[in-house]
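A short write-up of the structure that comes next.
The values are calculated or read from the model by the stated rules, or taken from the named source; none is laboratory data. Bear in mind that the values here come from a model prediction, so they are computed numbers and not experimental data. Cβ atoms come from the backbone with ideal geometry, glycine included; neighbour counts cover every protein chain shown. Areas reflect the complete protein model, heavy atoms only, side chains present, ligands, DNA and RNA absent. Shrake-Rupley method; radii C 1.70, N 1.55, O 1.52, S 1.80 Å.
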Amino acid sequence: VEPHRPSAVEVAPVLNYETITLLEGLGSRSDFMEKLIAVFIDDNVELVRRIDEALEQKRLSEVRSLVHAMKGSAGSIGADRLAQACSQLQELSEGDLRLRGKVHSGRLRGEFDAARGELTDYLRKRR
């Protein structure tokens, strides 16, 4: 039995704090990061729901479009591990997406939850 080897997604940090620092510099208002992170979380909660729904109904082109949107959102806020998980799902063949889409969707949800948790901790520590 081979030992489990973590994927690149599993060993990468959840958040890229360099990106977070750059984003902080863009905001002129004290609540800029709170609002940005709240929008990221709200948007991605909806994207996860819509991805699951599209997978359930085998609307694979819609799945790919939604995952692309999630990847851009994740990359913009520094949720690098979520963006990498999105890239991995995008690289699946149509057959793999049909057969294993729910497994990958679960991974996306887990990475989103990890990003949401770290972003929430980041905001808490800023106060």
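Overview of results
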item	result
Carbon + sulfur, % of accessible area of the chain - ligands and nucleic acids excluded, 1.4 Å	53
Potential extension, ARG59-ALA114 segment - 0.36 nm per residue separation minus Cα distance	17.1 nm
With DNA, RNA and ligands ignored, accessible area of ILE77 (1.4 Å probe; Å², nearest 10)	10
Structure-based [θ]222 nm, the chain - -39500 (n - 2.57) summed over DSSP H runs of at least 4, per residue, nearest 500	-26500 deg cm²/dmol
Where only alpha carbons of the chain are counted, the Rg and the Dmax (Å)	15.5, 55
Inter-probe distance in nm under a simple model that places probes 7 Å from Cα toward Cβ, at LEU99 and SER87	2.5
For the chain, accessible area per residue (1.4 Å probe, heavy atoms of protein chains only), Å²	59
